[in-house]
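Worksheet: one structure, shown below.
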């Protein structure tokens, strides 16, 4: 089983940070590809809504973690945003119905090796 995890809302001044993880097998991964699932920033808002509903029906398990602005502000004062994001990625993965064999994490960094 493979998990994928990504975030949205990292940059806004107002609004939450939302982290989502999905758990799929190879067949489900191919189904998602055939539906056109890709980077949400390259998909219209209406299509994102359609895909979200399809994803929920196709995957073995999914998890969504919402981080409210107050928690973001507090965390940024104590540590940096990257650490908060990493903690929420781990929380989303741990909330899946079972532990994956492999996790694919979307990175804002242009160098995926970092």
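The values are calculated or read from the model by the stated rules, or taken from the named source; none is laboratory data. Just so it is clear, the structure is predicted and the values come from calculations on it, not from any experiment. Every residue, glycine as well, gets a Cβ built from its backbone with ideal geometry; the counts of neighbours run over all protein chains shown.
Listed by position, the strands (runs of 3 or more DSSP E) inside the range 12-113 whose residues that are surrounded by fewer than 16 Cβ atoms within 10 Å (Cβ to Cβ) and either modelled with pLDDT of 90 or more or at positive phi (or both) number at least 1 are 61-67, 102-105. Within the range 37-44, is even one residue over 16 Å from the mean Cα position of the chain (by Cα) and under 19 Å from residue 104 (Cβ atoms)? So far as the range 37-44 goes, no, none of its residues is over 16 Å from the mean Cα position of the chain (by Cα) and under 19 Å from residue 104 (Cβ atoms).
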